[in-house]
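Peer 1: The structure's right below; bear with me while I get my questions together.
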Ligand code: SF4
């Protein structure tokens with residue numbers, strides 16, 4: 001099997017099938033860097049189709065690094081509202097400020113310098129190097145992992161370990177079109193080598209793929225939401241206003257506005273007869289009991305927000321989910 005043809009085949013597929021995404025539109029070098037930065041922050045933990053409208057709205061309001069760095073943080077958060085994981089928006093603004101003050105308004109071309117910027121880890125820095133600077137990097141996201149697992153038919157814990165997947169990544173080798181190449185591989189994972197029902201008939205990798213030969217497409221995954229935790233949320237409603245607090249207590253949703261909450265034991269959750277909801281947050285499966293009462297309670301960091309202002313206020317979708325579930329409460 002001639003593996004030298006792999007980049008050629010992948011790029012041929014990409015040239016004919018790539019999605020028209022707003023951050024891929026033709027632009028100046030500076031704008032391309034800025035669009036890559038914003039889109040990569042938004043794509044952390046969020047799917048492409050969800051990100052598209054947020055990206056368009058965001059870069060319309062903040063069209064450059066400078067406009068983002070000088071913007072009021074609350075304004076930036078307002079334009080991030082609904083995307084979740086608000087620390088990304090805060091870090092993006094901090095990174096914009098640092099790029100202007102320490103890097104002449106450009107994205108560094110060095111992995112360690114990129115990783116030193118707020119909110120940029122291993123994956124995002126490699127994506128930036130590949131996409132914005134055309135460096136030969138293939139960032140390992142879920143799409144790339146899935147392709148490798150199928151091409152090599154990797155089925156158990158050892159075979160799918162991070163080290164082994166990184167080793168197997170040499171399968172792709174390199175291309176001079178590094179930016180397109182990295183995006184092409186991720187795109188094949190997203191559109192063709194889908195988690196269920198891969199469209200192998202459209203895939204440029206069939207000749208190399210063991211899963212295709214064996215017709216075995218099942219993927220070995222560790223359960224992402226393996227941590228189940230139990231909480232009790234206190235909903236105090238007084239004259240159509242709800243008590244909310246700035247979260248200083250939990251490491252998740254830090255400094256964001258939530259209903260007052262406690263972590264509880266499983267037994268207490270099971271005994272409760274109140275309303276219960278499930279919310280998946282990061283790698284946590286949260287089971288939440290909602291206790292509703294009409295007392296006007298004073299609480300540190302707390303304030304009452306009028307029901308009509310829920311949509312105008314910057315609230316994490318977590319809090320909105322609890323608020324929306326209240327309509328079903330008796
Ligand atoms: S041939 Fe099928 S299973 Fe193999 S990489 Fe392509 S889409 Fe995935």
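The values are calculated or read from the model by the stated rules, or taken from the named source; none is laboratory data. Because the structure is a prediction, the values reported are computed rather than measured. Note: ideal-geometry Cβ built from the backbone for every residue, glycine included; neighbour counts use all protein chains shown.
Peer 1: Which number in (1) away from the ligand (no atom under 15 Å from the Cβ); (2) in contact with a helix residue (DSSP H, G or I) (Cβ under 7 Å, 6 or more places away or on another chain) marks the one condition that residue 148 misses?
Peer 2: (1)
Peer 1: Out of (1) within 15 Å of the ligand (Cβ to nearest atom); (2) not assigned by TED's automatic domain parsing to the domain that holds residue 130, what's the single condition that is false for residue 240?
Peer 2: Unmet condition: (1).
Peer 1: Next up: On the given criteria, is residue 175 in contact with a helix residue (DSSP H, G or I) (Cβ under 6 Å, 6 or more places away or on another chain), at pLDDT below 95 and closer than 21 Å to residue 4 by Cα?
Peer 2: Spelling it out, residue 175 is indeed in contact with a helix residue (DSSP H, G or I) (Cβ under 6 Å, 6 or more places away or on another chain), at pLDDT below 95 and closer than 21 Å to residue 4 by Cα.
Peer 1: Follow-up. Taking the condition of being part of a loop (DSSP other than H, G, I, E, B) and modelled with pLDDT of 95 or more, how many residues in the range 140-158 meet it?
Peer 2: Matching residues across the range 140-158 total 3.
Peer 1: Checking the condition surrounded by fewer than 14 Cβ atoms within 10 Å (Cβ to Cβ), in contact with a strand residue (DSSP E or B) (Cβ under 8 Å, 6 or more places away or on another chain) and under 30 Å from residue 221 (Cα atoms), which residue from 293, 278 passes? Working first, answer last.
Peer 2: Details: 293 fails: under 30 Å from residue 221 (Cα atoms).
Of the residues listed, the single one that is surrounded by fewer than 14 Cβ atoms within 10 Å (Cβ to Cβ), in contact with a strand residue (DSSP E or B) (Cβ under 8 Å, 6 or more places away or on another chain) and under 30 Å from residue 221 (Cα atoms) is 278.
Peer 1: When only residues in the range 191-211 that are assigned to a helix (DSSP H, G or I) and within 6 Å of the ligand (Cβ to nearest atom) count, which is surrounded by the fewest Cβ atoms within 10 Å (Cβ to Cβ)?
Peer 2: Only one residue fits best here, namely 206.
Peer 1: Restricting attention to the range 153-189, and to residues there that are surrounded by fewer than 19 Cβ atoms within 10 Å (Cβ to Cβ) and within 12 Å of the ligand (Cβ to nearest atom), which single residue is farthest from residue 219 (Cα to Cα)?
Peer 2: Step by step, filter the range 153-189, then rank; the result is 171.
Peer 1: A further question follows. Out of the strands (runs of 3 or more DSSP E) lying entirely within the range 226-293, which hold 1 or more residues that are touching a helix residue (DSSP H, G or I) at 6+ places or on another chain (Cβ under 8 Å)?
Peer 2: Because the criterion is at least 1 residues that are touching a helix residue (DSSP H, G or I) at 6+ places or on another chain (Cβ under 8 Å), the strands (runs of 3 or more DSSP E) in the range 226-293 that meet it are 227-238, 241-246, 275-281, 284-293.
Peer 1: Is it the case that residue 169 is in the same structural domain as residue 12 (by TED's automatic domain parsing), in contact with a helix residue (DSSP H, G or I) (Cβ under 8 Å, 6 or more places away or on another chain) and either within 19 Å of residue 195 (Cβ to Cβ) or assigned to a helix (DSSP H, G or I) (or both)?
Peer 2: Considered against the rule, which asks whether it is in the same structural domain as residue 12 (by TED's automatic domain parsing), in contact with a helix residue (DSSP H, G or I) (Cβ under 8 Å, 6 or more places away or on another chain) and either within 19 Å of residue 195 (Cβ to Cβ) or assigned to a helix (DSSP H, G or I) (or both), residue 169 comes out as yes.
Peer 1: Here is a further query. Take residue 159 and tell me if it is assigned by TED's automatic domain parsing to the domain that holds residue 200, free of Cβ contacts under 8 Å to residues at least 60 places away in the same chain and out of contact with any helix residue (DSSP H, G or I) (no Cβ under 6 Å at 6 or more places or on another chain).
Peer 2: No.
Peer 1: Separate question: Hey, could you check the range 212-225 for residues that are near the ligand (Cβ under 10 Å from one of its atoms) and part of a loop (DSSP other than H, G, I, E, B) and say which is farthest from residue 282 (Cα to Cα)?
Peer 2: 215
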